[in-house]
Amino acid sequence: ELKVEQNPLFLSMQEGKNYTIYCNYSTTSDRLYWYRQDPGKSLESLFVLLSNGAVKQEGRLMASLDTKARLSTLHITAAVHDLSATYFCAVEVMYSGGGADGLTFGKGTHLIIQP
Amino acid sequence: GAGVSQSPRYKVAKRGQDVALRCDPISGHVSLFWYQQALGQGPEFLTYFQNEAQLDKSGLPSDRFFAERPEGSVSTLKIQRTQQEDSAVYLCASSLWVEGQETQYFGPGTRLLVL
């Protein structure tokens, strides 16, 4: 059974600080996704990481993937209040019917950024 | 429309009542997924369609859950004889392969509360 673990699950940080969220997964996968979810809202796609060593950046967020270590990181640089949300990593798996893949999600990291 | 839409957005049901949740995927998206998200948790896979074919339903928690996509577009998730443990947000996502890459786009979800 595929397991996806995120840590920390809760994070409170001050504006201007840097921090990293970690996502470990238990089986071979070459595709990893990061989503953002605001309270009461749906999931917004942030990054799709397709291969070992992939690094993507958007604004103050940077995501990386190490498939050998089965680890992805989401790094936040100089955090601002608007980045407060829950961040999920998700790993792609092949389902029994084949074709497009489903996602197994971590429990999410609840991030609060205080002024 | 521009994105995945779901209806109703909120549903309160009495225990034992049947409910039907609708998903309108992004036009042209072949794949459609249903997920269940309990409070404070990450989404969990329920079932997956490729066009009208239900290729995987291994995540459906019981035989009270049934999903269909008869014309390969709109999908309905039906829950019979609802129980309190069915209370959750039900998310629908659709996706399309483009240049070897696929991203699942999520709808706003239906919040189901079973009393």
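Each reported figure results from applying straightforward, stated rules to the coordinates on display, with no laboratory input. Just so it is clear, the structure is predicted and the values come from calculations on it, not from any experiment. Methodologically, a virtual Cβ is constructed for each residue, glycine included, from the backbone with ideal geometry; neighbour enumeration extends over all protein chains shown.
One table, with the values for the structure above:
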quantity: Cβ-placed point charges (K, R +1; D, E -1), dipole of chain A about Cα centre in debye, nearest 20; calculated: 160 debye
quantity: Under 5 Å, built H, 5+ apart or other chain: amide partners of B:LEU96; calculated: B:THR103
quantity: Chain B, relative contact order in percent, only Cα pairs under 8 angstrom and at least six apart counted; calculated: 36 percent
quantity: For chain A: rounded, prolate or oblate by the Cα gyration tensor [a/c cutoff 1.5]; calculated: prolate
quantity: Separation in nanometres of the label points that stand 7 Å from Cα toward Cβ, at A:TYR22 and B:VAL98; calculated: 3.5 nm
quantity: Value of Rg to Rh for chain B (Rh from inverse mean 1/r over Cα pairs, i.e. Kirkwood); calculated: 0.96
quantity: Prolate/oblate/rounded label for the stretch B:36-104 (Cα gyration tensor, a/c 1.5); calculated: oblate
quantity: Neighbouring partner chain Cβ atoms per residue of A:33-39, average, 10 Å criterion; calculated: 2
